[in-house]
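> Here it is, the structure in full.
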């Protein structure tokens, strides 16, 4: 089953929301009593085991990233923090913070901030909706590798992302407080604003075709709050 049951309560788009988890249950896929869902059949799922949430993308290298979105209605401005578990990694592996997510059977819309395991890029991306068939299907809000992380992302680092209005921003805490990485704005919507104006927070994971196991670059906790 790809979709957890939605909570019975309904929320105004103006109501503040928050959700935090340490992934204490082992679930295939993650649900946490309906808090998470993945409706899109063309992408892969997020599982939890041993206190981590990780992707299930098979051979890797395609665009069927593993993702899970929080359920319910969320205000448009959102902030996410997550602690990274990093074991043995290789090639291309990403953890992803997702914002203003909406999905259906063959569509997944979101803004994504992805963090390469080796720090070679922190990219700000708008997904195309239908599953991508090439990198050109994705909208990079600034050119890839505009922002990097010296020394890469390490085990126990905390990453943070935020969307406010049409601007996304990213930080990392390597143990001495959050350091600003960079920001990017989407100006392709009406009046130079964001294309995606509603949706929910989420998380995602990606591996290249020769990347390491997905449970070697993943999350040990996750917190989303509305702003």
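> Could you list, in sequence order, all residues of the stretch 60-104 that are at pLDDT below 95 and either within 16 Å of residue 215 (Cβ to Cβ) or crowded, with 21+ Cβ neighbours inside 10 Å (or both)?
60
> Also, I was wondering about something else. Evaluate the stretch 77-88: report whether one residue or more is more than 21 Å from residue 40 (Cβ to Cβ) and in contact with a helix residue (DSSP H, G or I) (Cβ under 6 Å, 6 or more places away or on another chain).
Scanning the stretch 77-88 turns up at least one residue that is more than 21 Å from residue 40 (Cβ to Cβ) and in contact with a helix residue (DSSP H, G or I) (Cβ under 6 Å, 6 or more places away or on another chain).
> Whether any residue in the stretch 156-168 is without any contact (Cβ under 8 Å) to a residue 40 or more places away in the chain and either buried (at least 19 other Cβ atoms within 10 Å of the Cβ) or under 24 Å from residue 64 (Cα atoms) (or both) is what I want to check.
Quick first cut of the stretch 156-168, residues without any contact (Cβ under 8 Å) to a residue 40 or more places away in the chain only: 166-167.
Narrowing further to those that are either buried (at least 19 other Cβ atoms within 10 Å of the Cβ) or under 24 Å from residue 64 (Cα atoms) (or both): 166.
Yes: one or more hits.
This table checks each residue for (1) touching a helix residue (DSSP H, G or I) at 6+ places or on another chain (Cβ under 8 Å); (2) farther than 25 Å from residue 108 by Cα.
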site: 154; (1), (2): no, yes
site: 183; (1), (2): no, no
site: 205; (1), (2): yes, no
site: 213; (1), (2): no, no
site: 221; (1), (2): no, no
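> With the requirement that a residue be over 17 Å from residue 110 (Cα atoms) and surrounded by fewer than 23 Cβ atoms within 10 Å (Cβ to Cβ), what does the stretch 31-56 give you?
Scanning the stretch 31-56 gives 31, 32, 33, 34, 35, 47, 49, 50, 51, 52, 56.
> Hey, another quick one. What number of residues in the stretch 119-144 are within 25 Å of residue 213 (Cβ to Cβ) and either surrounded by fewer than 16 Cβ atoms within 10 Å (Cβ to Cβ) or in contact with a strand residue (DSSP E or B) (Cβ under 6 Å, 6 or more places away or on another chain) (or both)? Walk me through how you get there before you give the answer.
Keep residues of the stretch 119-144 that are within 25 Å of residue 213 (Cβ to Cβ), which gives 119-123, 125, 127, 131-132, 135, 138, 144.
The next check asks that each one be either surrounded by fewer than 16 Cβ atoms within 10 Å (Cβ to Cβ) or in contact with a strand residue (DSSP E or B) (Cβ under 6 Å, 6 or more places away or on another chain) (or both); those that pass are 120, 122-123, 125, 127, 135, 138, 144.
Of the residues in that region, 8 qualify.
> Now a separate question. Find the residue count for the stretch 93-111, including only residues that are part of a loop (DSSP other than H, G, I, E, B) and touching a strand residue (DSSP E or B) at 6+ places or on another chain (Cβ under 7 Å).
Looking only at that region, the number is 0.
> Between 90, 76, 82, which is closer than 26 Å to residue 180 by Cα and part of a strand (DSSP E or B)? Please lay out each step first, then the result.
On the way: 90 fails: part of a strand (DSSP E or B); 76 fails: part of a strand (DSSP E or B).
After ruling out the rest, the residue left standing is 82.
The values are calculated or read from the model by the stated rules, or taken from the named source; none is laboratory data. Since the structure is predicted, the reported quantities are computational estimates derived from the model, not experimental observations. As a convention, Cβ positions derive from the backbone with ideal geometry for all residues, glycine included, and neighbour counts pool all protein chains shown.
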